[in-house]
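S.K.: Below is a structure I'd like to ask you about.
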Amino acid sequence: MTPKLTSFAAGGGCACKIPAGQLESAIAGLIGNDDPNVIVGLEDGDDASAIRINGDTAVISTADFFTPMLNDPYDWGRVAAANALSDVYAMGGDPITAINLVGWPVDLLGLDILREVLRGGMEVCNEAGISVTGGHSITAPEPIYGMSVTGIADPAKLMRNDAAAPGLPLTLTKGIGVGIFNNKHKATGEVSLEAVKSMTTLNREASKAAVSAGHKAATDITGFGLLGHLYKMCRASGVNAEINFADVPEIPGAKQALADGFVPGGSRRNLDWVREHLNVANSSLTEEDLVFLADAQTSGGLLVVGEVPGYPVIGHTVARPSSAGAYITIN
C-alpha cells in the first residue's frame, strides 16, 4: 500500500513556497552583473530567465520543485512536470529539455514510489515533446520533486511580467481553486479529478495562442495566487488593474470547499501580503471571496495581458500615475 505522501509534507505543491514578502526581502539587491545578453533576470521576479544567444534566439531557463500535494505519486510527478514547464510557456517559449530534481527520505519511502513520481514527470515531458535528459537527487526529510527546464524563444516575441500596457484585457486560461482542493485532499483523502486535470494540463496551447496574437505580457498563476501574481505584474509594468470577481473562472466546487473550511495557509499568507494593494471599497466581496482570489495555485493557468481566443477575460489593465503604487480594483 502506498503511504499517504501528503502526510510527509508541511505544505504541498506551490503552497509550500516561501511567502512572497519574505522572499523579496531575502533577495533584495541581488541583481548580478550588467550582462547585455540578459533580457530577463532577477529584477522583476519573472517566471524564468531569458538570455540572448544570437539575434533571433534566447535561451529560457527555470527550475521548480515542491513537496507532494497529492497522495498518488504518479499524479504528483505529472503535476510537478507540468508546473515546471509552465514557466517556459508563460514567457512564450518552447521547452527543449528537462532534468529531474529530487529530494527523498529513503528511510521512510521506497524507491519504487520515487520511480512512479519520475514516471509521471517523464510522461508529461513526452506529451510536451521533449526528453528528460538527467537530474540530481539528495536524501531529504521531506519528499521533494520538480524539474529544471530549458527552453528557447524569439527575443522579439517574449512575454514578460514587466511589459503590461494600460487599457488591455486580462485573460486567465485556467480556473482557480486547486490550492483549496489540495488542502481538502490532504485533510480527507478525497480527490478532485477536475483539479488534477487542471494541474496536469500543459499551458502550451494557451501560450502559442497568446504569442500568435502578438501579446507581450504574461505570467503563470502559481503559489502567490491570482492576486499576488497580478500585483507583481502591475508593479513591474507601472500599471494598475481591475478584475471582475464574477468573471474569474472556478474549478467546479472550489468555492464550496472553501466555505466548508478547507483554506490553505499559503492562500491566507498571499492575501495578507497583497491586501494593502487592493481596492475593494465599492464591492460586496467577502473575506472568503478574497481568499479565493489569493488561492495558492499549483500548475495554474496563464494570466495574459490581451485577449486570447477561447479563454475568459476577467478584467483589464489601467493607467496609473508614476508616483503611485500598484493597485488592483476588484468589482
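The values are calculated or read from the model by the stated rules, or taken from the named source; none is laboratory data. Small disclaimer: the values here were computed from a predicted structure and weren't measured. FYI the Cβ positions are ideal-geometry reconstructions off the backbone, even for glycines, and counts take in every protein chain you see.
S.K.: Of all residues in the stretch 198-235, how many are among the aliphatic types (A, V, I, L, M) and assigned to a strand (DSSP E or B)?
M.R.: 2
S.K.: Related question: Is it fair to say residue 299 is free of Cβ contacts under 8 Å to residues at least 12 places away in the same chain and out of contact with any Pro (no Cβ under 7 Å at 6 or more places or on another chain)?
M.R.: Taking the combined requirement at face value, the residue does not satisfy it.
S.K.: Mind counting the residues in the stretch 281-306 that are buried (at least 17 other Cβ atoms within 10 Å of the Cβ) and over 17 Å from the mean Cα position of the chain (by Cα)?
M.R.: 3
S.K.: Sticking with this one: For the stretch 163-173, state whether one or more residues are surrounded by fewer than 24 Cβ atoms within 10 Å (Cβ to Cβ), in contact with a Gly (Cβ under 7 Å, 6 or more places away or on another chain) and not in a helix (DSSP H, G or I).
M.R.: Yes, the stretch 163-173 contains a residue that is surrounded by fewer than 24 Cβ atoms within 10 Å (Cβ to Cβ), in contact with a Gly (Cβ under 7 Å, 6 or more places away or on another chain) and not in a helix (DSSP H, G or I).
S.K.: From 264, 252, grab the single residue that is touching a helix residue (DSSP H, G or I) at 6+ places or on another chain (Cβ under 6 Å) and surrounded by fewer than 24 Cβ atoms within 10 Å (Cβ to Cβ).
M.R.: The match here is 252.
S.K.: Just give me the residues in the stretch 302-331 being without any contact (Cβ under 8 Å) to a residue 24 or more places away in the chain and either more than 25 Å from residue 283 (Cα to Cα) or not in a loop (DSSP other than H, G, I, E, B) (or both), in sequence order.
M.R.: Answer for the stretch 302-331, where residues must be without any contact (Cβ under 8 Å) to a residue 24 or more places away in the chain and either more than 25 Å from residue 283 (Cα to Cα) or not in a loop (DSSP other than H, G, I, E, B) (or both): just 323.
S.K.: If I filter the stretch 239-249 down to residues being within 18 Å of residue 285 (Cα to Cα) and not aromatic (Phe, Trp, Tyr), which single residue comes out as surrounded by the most Cβ atoms within 10 Å (Cβ to Cβ)?
M.R.: It comes out as 241.
S.K.: Same structure, new question: Inside the stretch 227-245, can you point out the residues that are aliphatic (A, V, I, L, M) and either in contact with a Gly (Cβ under 8 Å, 6 or more places away or on another chain) or without any contact (Cβ under 8 Å) to a residue 12 or more places away in the chain (or both)?
M.R.: The answer is 236, 241, 243.
Residues are listed down the side, and each one gets a yes or a no for (1) touching a Leu at 6+ places or on another chain (Cβ under 9 Å); (2) without any contact (Cβ under 8 Å) to a residue 40 or more places away in the chain; (3) under 25 Å from residue 79 (Cα atoms); (4) not assigned by TED's automatic domain parsing to the domain that holds residue 69:
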{"site": "220", "(1), (2), (3), (4)": "yes, no, yes, yes"}
{"site": "279", "(1), (2), (3), (4)": "no, no, no, yes"}
{"site": "288", "(1), (2), (3), (4)": "yes, yes, no, yes"}
{"site": "292", "(1), (2), (3), (4)": "yes, no, yes, yes"}
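S.K.: Would you check which residues across the stretch 99-141 are among the polar types (S, T, N, Q) and in contact with a helix residue (DSSP H, G or I) (Cβ under 8 Å, 6 or more places away or on another chain) and list them?
M.R.: Correct list: 100, 131.
S.K.: Which condition breaks for residue 151 when tested against (1) under 22 Å from residue 117 (Cα atoms); (2) touching a Ser or Thr at 6+ places or on another chain (Cβ under 9 Å); (3) not assigned by TED's automatic domain parsing to the domain that holds residue 311?
M.R.: Among (1) under 22 Å from residue 117 (Cα atoms); (2) touching a Ser or Thr at 6+ places or on another chain (Cβ under 9 Å); (3) not assigned by TED's automatic domain parsing to the domain that holds residue 311, residue 151 violates only (1).
S.K.: Which count do you get for residues in the stretch 126-155 that are part of a strand (DSSP E or B) and surrounded by 14 or more Cβ atoms within 10 Å (Cβ to Cβ)?
M.R.: Number satisfying all stated conditions: 13.
S.K.: In the stretch 297-319, what residues are of a type in the set (S, T, N, Q) and within 17 Å of residue 233 (Cα to Cα)?
M.R.: Across the stretch 297-319, the qualifying residues are 297, 317.
S.K.: Kindly check whether there is at least one residue in the stretch 73-89 that is outside the structural domain of residue 204 (by TED's automatic domain parsing) and in a loop (DSSP other than H, G, I, E, B).
M.R.: no
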